[in-house]
Amino acid sequence: MLSFSLVTPPAVEPVLLADAKQQARIDTTADDALVANLITGARQWAEKYTGRAFITQTWQLAIDLLPGAGEKWWDGERQGPITGLDAVNYISLPRAPLQSVTSVQYFDNTDTPAVWPTSNYFVDTVREPGRLALRLGSVWPVPERLTNGIVITYVAGYGNDGTSVPETIKTAIRQLVAHWYEHRGDAATAPSSRGAVIMPSVPVPLVIQALLDPYRIRYSGV
């Protein structure tokens with residue numbers, strides 16, 4: 001079993017408020033807070049749809065079982081990305097593009113962490129999704145804790161601001177903001193307790209999905 005979670009969210013959004021308002025033809029400041037929330041919601045939706053991280057952000061992947069040749073970990077039904085745990089030489093890290101791996105920790109039976117030396121692995125930032133790969137002659141650490149025994153902390157995203165994000169992705173986000181703003185009466189849109197956004201319950205137009213499809217990553221075990 002595995003899980004991945006956001007540790008540090010992006011500091012900024014890839015789309016500026018002024019650009020989103022221009023796309024939606026909004027010429028008043030009265031709805032600025034609403035539009036800002038919609039930008040965040042559209043970015044979150046687009047990241048989940050593509051399997052990517054747009055602005056620099058930190059994630060953690062927690063693994064119960066070690067990767068191993070022939071290890072049967074698939075239980076027949078699972079939501080979310082599938083990573084390369086059935087490959088003996090690497091672990092795929094969800095949310096491309098991968099920038100770096102901050103640490104690899106493994107835990108003993110008293111929940112005390114130990115840092116796995118960086119000399120044991122290679123960080124593959126070329127392939128998408130990025131991978132944590134064994135160096136020749138290295139073996140995976142053996143945790144004593146059976147649940148979340150290995151925790152990998154890593155950084156993903158195109159860069160620290162929207163200038164590094166592909167323009168097509170930003171266009172899709174702007175169009176989705178305009179679409180949701182137009183249909184804002186169909187559902188409440190407000191910050192949630194976790195700072196995320198409650199998005200309008202209207203279908204995302206196919207043209208927006210088509211813009212994002214070339215960037216979509218379908219995670220697999222290879």
Sequence-distant residues sharing a close amide H with Gly130 (under 5 Å, placed H)
Leu93, Leu98
Around Phe107 (Cβ within 14 Å, Cβ-to-Cβ, excluding Phe107; K/R +1, D/E -1) the net charge comes to -3
A correct Karplus calculation of ³J(HN,Hα) over segment 49-57, with 6.51 cos²θ - 1.76 cosθ + 1.60, θ = phi - 60°, whole Hz and x for Gly and Pro, returns 5, 8, x, 10, 10, 8, 9, 3, 7
Between Gly159 and residues 5 or more places away or on another chain, the pairs with built amide H atoms under 5 Å apart involve Thr56
Take Arg131, Arg184 and order them by how many other Cβ atoms sit within 10 Å, fewest up front.
Arg184, Arg131
Just rank Val123, Val35, fewest to most, by other beta-carbon atoms within 10 angstrom.
Val123, Val35
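Since every read-out is calculated from the coordinates, none of them should be taken as a lab result. This structure is a prediction, so every number in the text was calculated from the model and none was measured. As a convention, Cβ positions derive from the backbone with ideal geometry for all residues, glycine included, and neighbour counts pool all protein chains shown.
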